[in-house]
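Participant: Have a look at the structure that comes next, please.
The values are calculated or read from the model by the stated rules, or taken from the named source; none is laboratory data. Given the structure is predicted, the values throughout are model-derived calculations rather than measurements. Here Cβ is always computed from backbone atoms with ideal geometry, including for glycine, and neighbour counts include all displayed protein chains. We work out accessible area using only protein heavy atoms, side chains counted, and drop any ligands, DNA or RNA first. Shrake-Rupley method; radii C 1.70, N 1.55, O 1.52, S 1.80 Å.
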Amino acid sequence: MNLDRPQEHYLTGIARPKNADEMLTEICEHFVEHADVERDGSAARLVNKFGTTNIRSDRGRLLIDLRCPSPQALQLSRTNLAEHLFYFAGDEAFELSWDDAAPKTSLPNLHFGRVVRASDITPRMRRVTFSCADVSPFIKGDMHVRLLVPPRGRKPVWPGIRSDGRIAWPEGADELLVRVYTIRAVDEETNEISIDFLQHSSSVVSCPGADFARDAEPGQEIALMGPGAGSMPDATSILLAGDESALPAIARIAAEALPGTSLEAIIEVSDEAEEQIISSMASITVRWLHRDRYPVGAKGVLLDQVQSAINTMDEGTFVWFAGEKEDVRSLRSFLKGRNHAKKNMYVAWYWEHV
């Protein structure tokens, strides 16, 4: 008997979608950016930092097996998978059950905080800093969090867990503003976390996240759920590229890159006023693209510049790109055509044209 072997926590479930094979394909296509995914016919295996998920299509059902190193990781894996499965199902009939119902407890990755200050760092980028009792989960880890903002003038009602594993969000007058953002910086000495919010042009009537940042006041209560996804690239040569939506992540990666790392950044913004100082202990070159200088009707300028840069790089360079959905799809196809190793890329869409 090996007494040093870590204890494994496991859970099984059954999903009943309209088309099990199609949903399994959708699972694999989506999670490829967040886990090591192996597909073998009617079975798939997903491995990430929380543990291993095995899913098998069987007679119109998806048989699920979760195996994780801790109870907390198990619950996070269950919730993450459940949220995605119901999202994939959309308006179609869908059922999900587990051999052990989710506990009626608070979410294990929910952290509470308050607004400390807010200020504009460019005409269209506003930084809000939050105090948090424990910032250790956000140090040197994934960059993305869900920001939860309760309605003004009401005592916050925070989410729990439903029996099917999904998040039980408060409704009605207690409904929360929930948006995903990148943690721009973590200050371990002051227990503060900063998030940058893009302020949209006046042609956009309302953007709840931007509106929150514009009106944020010291002492205002919030919660952060996570972190999850958006890990730091592990490479000595990195290409960082994207538009304003990716700028906070690019700046943080650069700030935390180790000496000896070689970084090249290509960043598209509206105009020169939106440029920021990108600080790093690594060797870095930054190229700014300004949309106000593009020819009338120009499209795909950022994507073209990124592809040209990749053509001049060693195959071992890590390619990090985030931005508009169609650009992301095009770049994934481009990298696939070059047989670029999956371990050396992070390509994710942060927004899409509507």
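Participant: Based on the Kirkwood radius over alpha-carbon pairs, what is the Stokes-Einstein translational diffusion coefficient of the range 156-312 at 20 °C with 1.002 mPa s viscosity, in µm²/s? Show your work: numbers first, answer last.
Facilitator: Details: Rh = 18.5 Å.
The estimated diffusion coefficient comes to 116 µm²/s.
Participant: What Kirkwood radius, in Å to one decimal, follows from the Cα pairs of the range 52-195? Display every interim value, and only then the final one.
Facilitator: Working: mean 1/r = 0.0566 Å⁻¹.
Final number for the Kirkwood radius of the range 52-195 is 17.7 Å.
Participant: How would the range 270-352 be classified by its alpha-carbon gyration tensor: rounded, prolate or oblate, with rounded meaning a/c under 1.5 and the a/b versus b/c comparison settling the rest?
Facilitator: Values: a/c = 1.84, a/b = 1.23, b/c = 1.50.
Verdict is oblate for the range 270-352.
Participant: Hey, another quick one. Evaluate the Debye formula for the range 101-144 with equal point scatterers sitting on the alpha carbons, no solvent, and hand back log10 of I(q)/I(0) at q = 0.14, 0.20, 0.21, 0.24 Å⁻¹, in q order, two decimals.
Facilitator: Once normalised to I(0) and log-transformed, intensities are -0.53, -0.85, -0.89, -0.99.
Participant: What number comes out for the charge environment of LYS336, summing +1 per Lys or Arg and -1 per Asp or Glu over other residues with Cβ under 11 Å away?
Facilitator: Numbers: positive: ARG329, ARG332, ARG338, LYS342; negative: none.
Result for the local shell: +4.
Participant: For the range 145-277, what is the accessible area per residue in Å² when the probe is 1.4 Å? Numbers along the way, then the final one.
Facilitator: Details: 5790 Å² over 133 residues.
The answer is 44 Å² per residue.
Participant: Something else about it: Using only the Cα atoms of the range 10-137, each taken as one equal point scatterer with no solvent, compute I(q) by the Debye sum, divide by I(0), and report log10 of the ratio at q = 0.18, 0.20 Å⁻¹.
Facilitator: -0.95, -1.10
Participant: Could you give the radius of gyration (one decimal) and Dmax (whole number) of the Cα atoms in the range 204-261, in Å?
Facilitator: Considering the range 204-261 through its Cα atoms, Rg and Dmax are 15.7, 45 Å.
Participant: Please compute the contact order of the chain in relative form: average sequence separation of alpha-carbon pairs under 8 Å and at least six residues apart, divided by the residue count, as a percent. The partial results should precede the final answer.
Facilitator: On the way: 694 pairs, mean separation 47.5, N = 354.
It comes to 13 percent, rounded to a whole number.
Participant: Might you report the magnitude of the Cβ-based charge dipole of the range 1-105 about its Cα centre, with Lys and Arg at +1 and Asp and Glu at -1, to the nearest 20 debye? Could you put the intermediate results ahead of the total?
Facilitator: Values: 12 positive and 18 negative charges, 65 e Å.
Once rounded to the nearest 20, the dipole reads 320 debye.
Participant: Along the positive direction of the dipole of the chain (beta-carbon charges: Lys, Arg +1; Asp, Glu -1; about the Cα centre), which of GLY297, HIS9, PRO137 reaches farthest?
Facilitator: Result: HIS9, furthest along the dipole toward the positive end.
Participant: Separate question: Rank GLN307, ALA249, LEU96 by how far each Cα sits towards the positive end of the charge dipole of the chain (+1 on Lys, Arg Cβ; -1 on Asp, Glu Cβ) and give me just the farthest.
Facilitator: The listed residue farthest towards the positive side: LEU96.
Participant: Using only the Cα atoms of the chain, what semi-axes does the equivalent ellipsoid have when each is the square root of 5 times a gyration tensor eigenvalue? Give whole Å, largest first.
Facilitator: Numbers: eigenvalues 220, 147, 87 Å².
Those come to 33, 27, 21 Å.
Participant: In addition: Roughly how many whole Å is it from the C-alpha centroid of the range 138-198 to that of the range 267-326?
Facilitator: 29 Å
Participant: Which value at 222 nm does the chain reach when only helices count, each DSSP H run of 4 or more adding -39,500 (n - 2.57), with the total divided by all residues and rounded to the nearest 500 deg cm²/dmol?
Facilitator: Details: 6 runs with 73 residues, N = 354.
Here the helix-only value at 222 nm equals -6500 deg cm²/dmol.
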